[in-house]
Amino acid sequence: MRSWSLISFVFTVLALVSCAAPPRAASQALRSSAGSYELEVLVNGEPVRTFAHRGQTYVLGQEGDRYVLRIHNRSARRIEAVVTVDGLDVIDGEQGDFATKRGYLVPAYGSVDIEGWRVSNEQAAAFRFAPIGESYAAKTGRARNVGVIGMAVFPERVIERPRPRPVAPVPYYYERESRAAGSADKSAQVAPAAPAAEEARDDAAPAKGSVRRERSGLGTEYGEALYSQIEHVSFTRANATRPAVLLGARYNDRRGLITLGIDVDAGSDVALRESASPFPASGHYARPPRDWRGY
């Protein structure tokens, strides 16, 4: 499969934009769509089954299936989408960080497919569901965040001529209170939460004398090479460090989703088979067609 994508480089000077601490994706409920943006998981060109559970989106995966991430941008402005799989950036394979990593450029009212981990400007390694032990994250000693897909959306900065605004007189006491509140908000936003120390490569090597237990469920492996052409372009974010929205989904196999209390069989072929009746309309004979000639 041939694909053509654009990767953006952000040249925005960070000192000229807000330096408030960005929200932590790990603490957020992940949903696959919000407003004008959507993240889809496709297998064989069709969206996989998803489930809404406790305010989050869950994807039903199957071991061995190759999948593609499709980003939809239904807004009137280009966006940069920084994407991670299993906590790893899909471009450089390092720990996901939307404040410093580059992303894929998605045109206004358009979409972009991401087929795998980037190998070069011409190739990608396919995304493929696999046991956690065979996942790219586990093989590189970073399986802490296996089972999650994330996307940070950065709209493009649009430069317009400033328009004069009428300035209404502000009472002194109101102005003084507003400045005090602004200073307090700035102080609260500057200090980001320190990452937990145990999150770094906690699956790389078990402690001495311990028995390593193989984790169940699905991860994403570094699959076969695919032709995937990209081009580097310039892009300036409206806000260099704070995305407009964070999207994503958690994925697992059937057993894993059932363990979470998700009824994966509701409305499926399995449910139909379990409720099938051998005699749905007993007591009737076969009705002949109108042109049938009897005795």
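Tabulated results
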| quantity | calculated |
| --- | --- |
| Additional length obtainable on full extension of the chain from D291 to D263, 0.36 nm per residue less Cα span | 5.4 nm |
| Order by protection proxy (mean Cβ within 10 Å, highest first), peptides 36-48, 245-257, 117-129 | 245-257, 117-129, 36-48 |
| Inter-label distance for R54 and V233, nm, one decimal - labels placed 7 Å from Cα along Cα-to-Cβ | 4.0 |
| Full-stretch length increase - E122, E46 - with 0.36 nm per residue and alpha-carbon distance subtracted | 24.9 nm |
| Pair T100, E224: separation of 7 Å Cα→Cβ label points (nm) | 3.6 |
| Relative counts (whole %) of C-alpha pair distances in the range 51-167, using bins that are 10 Å wide | 12, 37, 32, 11, 5, 3, 0 |
| Counted charge near I79, where neighbours are those whose Cβ lies closer than 12 Å (Asp, Glu -1; Lys, Arg +1) | +2 |
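Read-outs throughout are calculated quantities, based only on the coordinates presented, and are distinct from any laboratory measurement. This one's a predicted model, so the numbers in the text were calculated from it and none came from an experiment. Don't worry about glycine lacking a Cβ; one is built from the backbone with ideal geometry, like all the others, and counts go over all protein chains shown.
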